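*Asks:* Sharing a structure, written as structure tokens. Questions coming.
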């Protein structure tokens with residue numbers, strides 16, 4: 001039985017027709033990555049949250065994979081309420097594997113060895129120990145840890161909690177002409193995520209018979225639950241219309257600081273080894289020798305990425321003395337570094353790689369390497385530059401004894417605000 005104290009559901013099943021985007025707004029690019037990716041990273045990085053499920057629309061699986069990679073998800077319903085219910089129900093079932101539900105994008109052959117996928121699934125409705133749940137709209141990308149902290153603290157005494165901002169504008173009734181004003185003293189704008197005791201939220205959604213609600217807190221209030229107001233955040237504004245994207249980009253830019261770091265790596269060329277460069281297997285009479293697959297290109301980029309957040313180097317995270325990394329695919333090193341940046345709320349803007357060798361010729365493989373690196377880091381191809389040079393037959397690279405790689409990475413990370 002899995003113990004998941006606090007889970008989060010991101011509702012990302014909409015079509016976003018009002019946003020003016022060619023794709024649903026949750027998959028549109030904001031600050032170099034999908035709108036959905038911002039709040040997903042914030043929830044995954046919070047130490048109190050054990051599990052995150054994304055609720056998507058039917059047919060959006062490829063978009064989700066492009067935005068987030070392999071994550072836990074479930075298909076939503078025709079309304080927001082039904083999509084939230086699908087997420088809540090997913091948290092009540094076990095697939096004989098913590099962290100997976102029907103519809104997970106994690107391939108069977110990539111699941112941990114402890115997962116028993118050959119036997120029958122546990123019966124639907126089995127509880128797996130979820131005590132608290134946060135329900136968040138993907139269209140609110142800039143979620144801070146402070147808001148999450150306030151919501152979870154409020155659950156110590158209340159059935160639910162929502163972030164709220166007081167209304168500052170004058171409010172008035174009227175259509176063609178101005179009518180009477182409305183007192184704003186006790187009016188608030190309600191945001192997400194909204195936090196609840198899981199059993200209470202699940203019961204409210206399962207038993208709902210009223211009109212379609214605008215949020216989950218109103219459903220809880222309708223069945224007698226008490227919902228606390230906690231301080232919201234102006235950064236949590238919802239993206240709805242085309243102009244909202246420009247405003248969101250401006251808000252993001254005001255909080256981010258740019259950093260650049262470099263990485264350098266060298267490996268010997270030896271007969272009988274495979275030659276992996278930039279995540280691509282290249283035909284050659286020699287390959288690079290090292291504890292892992294010795295992909296000198298990915299190693300250099302990994303060190304550059306780690307440098308941008310002052311997180312040490314590749315040897316710090318993957319010691320060559322540790323036998324578990326013998327022959328390992330260096331792609332996992334690169335993606336680990338990227339995940340650390342994402343956990344900090346960072347955005348990778350650009351990668352520049354220079355390979356230094358006499359042979360093989362890099363030109364025929366440049367595009368494949370660029371595309372593979374972009375895929376691993378979930379970047380556009382024009383965010384990755386690959387160059388090659390020689391040392392005019394000088395030094396160990398000039399003598400064909402090895403290959404060197406130098407990389408630079410530019411990222412943005414949140415600053416003080």
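*Asks:* Residue 350 versus (1) assigned to a helix (DSSP H, G or I); (2) touching a strand residue (DSSP E or B) at 6+ places or on another chain (Cβ under 6 Å): which is the lone unmet condition?
*Replies:* Every listed condition holds for residue 350 apart from (1).
*Asks:* With the structure loaded, tell me whether residue 389 is under 30 Å from residue 309 (Cα atoms), free of Cβ contacts under 8 Å to residues at least 60 places away in the same chain and in contact with a strand residue (DSSP E or B) (Cβ under 8 Å, 6 or more places away or on another chain) or whether it fails that test.
*Replies:* yes
*Asks:* Take region 278-287 and flag every residue that is over 24 Å from the mean Cα position of the chain (by Cα), surrounded by 14 or more Cβ atoms within 10 Å (Cβ to Cβ) and more than 14 Å from residue 358 (Cα to Cα).
*Replies:* Answer for region 278-287, where residues must be over 24 Å from the mean Cα position of the chain (by Cα), surrounded by 14 or more Cβ atoms within 10 Å (Cβ to Cβ) and more than 14 Å from residue 358 (Cα to Cα): 280, 281, 282.
*Asks:* How many of the residues in region 114-167 are surrounded by fewer than 16 Cβ atoms within 10 Å (Cβ to Cβ), modelled with pLDDT of 90 or more and part of a loop (DSSP other than H, G, I, E, B)?
*Replies:* Looking only at that region, the number is 3.
*Asks:* Can you find a residue in region 183-193 that is part of a helix (DSSP H, G or I), in contact with a strand residue (DSSP E or B) (Cβ under 6 Å, 6 or more places away or on another chain) and surrounded by 10 or more Cβ atoms within 10 Å (Cβ to Cβ)?
*Replies:* No: zero hits.
*Asks:* Mind listing whichever residues of region 246-268 are surrounded by fewer than 17 Cβ atoms within 10 Å (Cβ to Cβ) and more than 20 Å from residue 39 (Cβ to Cβ)?
*Replies:* Passing the criteria: 257, 258, 260, 262, 264, 268.
*Asks:* Check region 311-321 and report whether any residue there is in a helix (DSSP H, G or I), over 28 Å from the mean Cα position of the chain (by Cα) and at pLDDT below 90.
*Replies:* Within region 311-321 (the criterion being in a helix (DSSP H, G or I), over 28 Å from the mean Cα position of the chain (by Cα) and at pLDDT below 90), the answer is no, since none of the residues qualifies.
*Asks:* For region 196-247, which positions are outside the structural domain of residue 151 (by TED's automatic domain parsing) and on the phi > 0 side of the Ramachandran plot?
*Replies:* Listed by number, the list is empty, since nothing qualifies.
*Asks:* Restricting the search to region 142-151, which residues are within 17 Å of residue 10 (Cα to Cα) and in contact with a strand residue (DSSP E or B) (Cβ under 6 Å, 6 or more places away or on another chain)?
*Replies:* Within region 142-151, 147, 151 qualify.
*Asks:* Something else: Give 407, 338 a once-over and let me know the one that is closer than 28 Å to residue 252 by Cβ and either at pLDDT below 95 or part of a loop (DSSP other than H, G, I, E, B) (or both).
*Replies:* 338
*Asks:* Within region 65-82, track down each residue that is surrounded by fewer than 22 Cβ atoms within 10 Å (Cβ to Cβ) and within 20 Å of the chain's Cα centre (by Cα).
*Replies:* Correct list: 65, 66, 69, 70, 71, 72, 75.
The values are calculated or read from the model by the stated rules, or taken from the named source; none is laboratory data. Just so it is clear, the model here is predicted, and its values are computed rather than measured. No Cβ is skipped: glycine too gets one built from the backbone with ideal geometry, and neighbour counts run over all protein chains shown.
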